[in-house]
Amino acid sequence: MCYTRTVMLTSAASPRAIWIVGAGAVGLHLAARLHEAAAVTLVARGPRAAALATEGFELTGAEQRRAFVPVVDFAAEWSVPAGAIVLVAVKATQLAETLEVLAPRLTQGQVLGLCQNGLGIAALARQRAADASLVRVACWLGAGLVGPTTVRVAGVFQLELAADEEPARSHMSELQGLLAAAGYPVTTAASVAACEWRKSLWNLAVSGPCALLDAANGAILDVPELRALAETLLAEARAVAAADGVKLSDADLERVFASTEKTRANDNAMLQDLRRGAATEIAFLNGAVARLAERHGLSAPTHAAVARLVAAREVLAGAVRRE
Ligand SMILES: NC(=O)C1=CN([C@@H]2O[C@H](COP(=O)(O)OP(=O)(O)OC[C@H]3O[C@@H](n4cnc5c(N)ncnc54)[C@H](OP(=O)(O)O)[C@@H]3O)[C@@H](O)[C@H]2O)C=CC1
Ligand SMILES: CC(C)(CO)C(=O)C(=O)O
């Protein structure tokens, strides 16, 4: 079933077409803000696709907006218009299967923005969508789906973009302008790897420990043992990042605690995933650091332990089956 209404993009004055694949918390936040400045189409799946097409969607909490944009069902026959910027806002765990279907629908050089948290996201996309112009979009925001068409927003800090080569870098500048026009503070990182590491630091130090203890983010600041654990995780991450060619600054590490202060009441996404028995992104976070450490002849034992414990919780929560 395809719910697309006709969007004509013919004249130079037409708004830029932006296709957002994945209509969850991040996808709907981007759609709600961007649709005033661009011609946004959502690619959704399952019953959510029909609900979004008939009811639209809303942001609640720290940001209140209602929006209504064209919706395409992922399971239908569809193709992406050649000039469209495509933002992929599915979970890291859903990226490979999504790109399997999306990549053949892209034209050579099409801009692909990757919104996932985690390390190795751009590398995965390079393997699956080799002809696309990849732009990394790190989302420093807190939001969660509280219904099929409702997103609760906890706070929006910034988006950080990165691209490693032309023409992706030029496309990144255009995307930066569109996102800024939509009200996001937008910065850029020196490289895709730096962008991935800088954003992942927060998730590496906070998400796993709080998810394992069923605690809100603030526990990292309030419980000295957890703060010490977070500092150990950050120190290990910094050494592995350096071996990976990314120099993380003291400010990058300190920002983890400042962001936690601003989101102290939030239950992080990994905790929410475990609570609802869903797979987490641990393999792209602490698990990825442990693997990279090994590749560089280092060890990151604390990341390895957190990754194993979260993986065990996934099994116990019924999110993944033990083979
Ligand atoms: N939420 C947040 O505050 C933040 C999230 N991020 C990152 O952004 C990414 C997305 O997170 P979030 O929005 O929270 O996740 P959600 O689970 O809320 O949204 C992902 C959406 O993508 C849909 N989806 C998955 N595969 C497909 C597909 N092939 N076709 C169409 N739709 C698909 C999912 O559908 P279904 O429900 O059917 O699985 C779901 O609706 C993650 O990597 C996360 O780490 C980064 C910073 C902050
Ligand atoms: C804003 C912050 C740091 C915490 O909510 C985040 O970006 C995340 O949850 O991934």
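Bear in mind that the values in this text are calculations on the coordinates, not laboratory data. Only a predicted model underlies this, so the values are computations on that prediction, with no experimental measurement involved. Note that each Cβ is placed from the backbone with ideal geometry, even for glycine, and that neighbours are counted across all protein chains shown.
Sorted ascending by nearby beta carbons within 10 Å, beginning with the fewest, Arg136, Arg33, Arg276, Arg291 become Arg276, Arg291, Arg33, Arg136.
Can you give me the relative contact order of the chain as a percent, contacts being Cα pairs under 8 Å and 6 or more apart?
Values: 616 pairs, mean separation 45.5, N = 323.
Reported relative contact order: 14 percent.
I need the helices of the chain that pass two filters: whole DSSP H segments spanning 20 Å or more by Cα along the axis, and mean Kyte-Doolittle score no lower than -1.0. Before the final figure, lay out the partial values.
Values: long enough: 224-243 (29 Å, 0.60); 301-316 (22 Å, 0.70).
Those that clear 20 Å and a mean of -1.0 are 224-243, 301-316.
Taking the Cα centre of segment 2-188 as origin and assigning +1 to Lys and Arg Cβ atoms and -1 to Asp and Glu Cβ atoms, the resulting dipole is close to 280 debye.
Considering only beta bridges that DSSP places wholly inside the chain, some 40 percent are antiparallel. Only Cα pairs under 8 Å and 6+ residues apart enter the sum, and on that basis the relative contact order of segment 23-108 stands at 30 percent. Take every Cα pair under 8 Å whose residues are at least 6 apart in sequence, average their separation, divide by the length of segment 140-262, and the relative contact order is 19 percent. Mean-square fluctuations from a GNM of the chain, with a 10 angstrom spring cutoff on Cα atoms, peak among Leu285, Leu178, Leu119 at Leu178.
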